[in-house]
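First up is the structure itself, then whatever we jot down about it.
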Number of protein chains: 2
Amino acid sequence: MTTPQLTKNQSLVFDVLEKAEGPLSAYTILDKLRDHGFRAPLQVYRALEKLLEYGVVHRLESINSFVACAHPGENCHSHGIVAFAICESCGLVMEFHDHEVDHRLMAWVRGQKFKPEKTTIEIRGLCETCAA
Amino acid sequence: MTTPQLTKNQSLVFDVLEKAEGPLSAYTILDKLRDHGFRAPLQVYRALEKLLEYGVVHRLESINSFVACAHPGENCHSHGIVAFAICESCGLVMEFHDHEVDHRLMAWVRGQKFKPEKTTIEIRGLCETCAA
DNA sequence: ATTGCACACGTTATAGCATAACGCAATTGA
DNA sequence: TCAATTGCGTTATGCTATAACGTGTGCAAT
Ligand SMILES: [Zn+2]
Ligand SMILES: [Zn+2]
Ligand SMILES: [Zn+2]
Ligand SMILES: [Zn+2]
């Protein structure tokens, strides 16, 4: 799927996420955009919904937050399962893909005749800097 | 870690989860325990906190819900990373472990000098019955 | 026995995350 | 022109989780 031209609100939300140091909650995004006219959570959630659909933003389920995709240009959806390592101290997020992990998980679901729709892999811990 | 004797509230919460067909939210558990004197969310969350610590209950991050561990008796914490397949139609949860997946993920974090604390793997989709 | 501590518990209030439901305006394409 | 779609704004509401305070009980050190 190709990414269509972003609307004004979508661009604003995406820019905030891209410039952020780490993952942001929807309400944090809202606060950062009040000067641009944002007043209600739905303005953020509606933009996020589209950005997630386009694959340019990811949702971190374990911390109820959102990050810009680390692979601008490419279509992240086509790389298989996306995995994240999230530093609980500084908020650093590392995004990666591992085809062998994908393969193992998909082999398992095939064995169960389970039909996967969306897979979450999130490793919370401490990044190299924070663990030192 | 061995599981200590559960307190009254912990037992009530655990029993509700064990008898449930699928994962339950904290507030659903609360509702099911009103007849037993539960009045406030904290009574549930405090019990869940301990049950999670003992490893007899798991939290499904992607759906803000809780399930009893599928491996009664054993200590689930010692089996490495726990993975879940969650049917979005009927709520069925399948819990499994895959050492090869663990190995790949841990190899990756080692390469990044990332120190993992807690890893989430959750596959949402449709179970065999619901997909048919 | 008294003191001090740890722990479970109860209650009220509050914080944080997400969506429902309504209406309006601009766009598009029959 | 008309209908359908999409984005947007607003208000209200619902769901998820924790803060802060106080109570009572059991148990160990003094
Ligand atoms: Zn990505
Ligand atoms: Zn860090
Ligand atoms: Zn388990
Ligand atoms: Zn099902």
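Rounded to the nearest 500, the helix-only mean residue ellipticity at 222 nm of the protein assembly as shown stands at -11500 deg cm²/dmol, with each DSSP H run of n ≥ 4 adding -39,500 (n - 2.57).
Percent antiparallel among DSSP beta bridges with both residues in the stretch B:8-131, to the nearest 5? Before the final figure, lay out the partial values.
Working: 9 of 14 bridges.
About 65 percent, rounded to the nearest 5.
Straight-distance candidates among the lysines for linking to B:Lys8, with alpha-carbon spacing under 22 Å and chain neighbours fewer than 8 residues away dropped: B:Lys19, B:Lys32, B:Lys50.
Sorted from fewest to most neighbouring beta carbons within 10 Å, what does the list A:Tyr45, B:Tyr54 look like? Walk me through the numbers before you get to the answer.
On the way: A:Tyr45 13, B:Tyr54 19.
So the ranking, lowest neighbour count to highest, is A:Tyr45, B:Tyr54.
Our coupling estimate for the stretch B:87-97, obtained by passing each phi through the Karplus curve with A = 6.51, B = -1.76, C = 1.60 and θ = phi - 60°, is 7, 7, 9, 10, x, 4, 10, 10, 9, 8, 10 Hz, Gly and Pro reported as x.
Suppose every K and R has +1 on its Cβ and every D and E has -1 on its Cβ; what is the size of the dipole of the protein assembly as shown about the Cα centre, in Debye to the nearest 20? Each step should come with its number before you reach the end.
Working: 28 positive and 34 negative charges, 123 e Å.
Roughly 600 debye, rounded to the nearest 20.
Look at where the Cα atoms of the stretch B:64-128 and of the stretch B:17-51 average out, and the two centres are 22 Å apart.
A short reminder: the numbers here are calculations on the coordinates, not readings from a lab. Just so it is clear, the structure is predicted and the values come from calculations on it, not from any experiment. In this analysis, Cβ positions are derived from the backbone assuming ideal geometry, glycine residues included, and neighbour counts consider all displayed protein chains.
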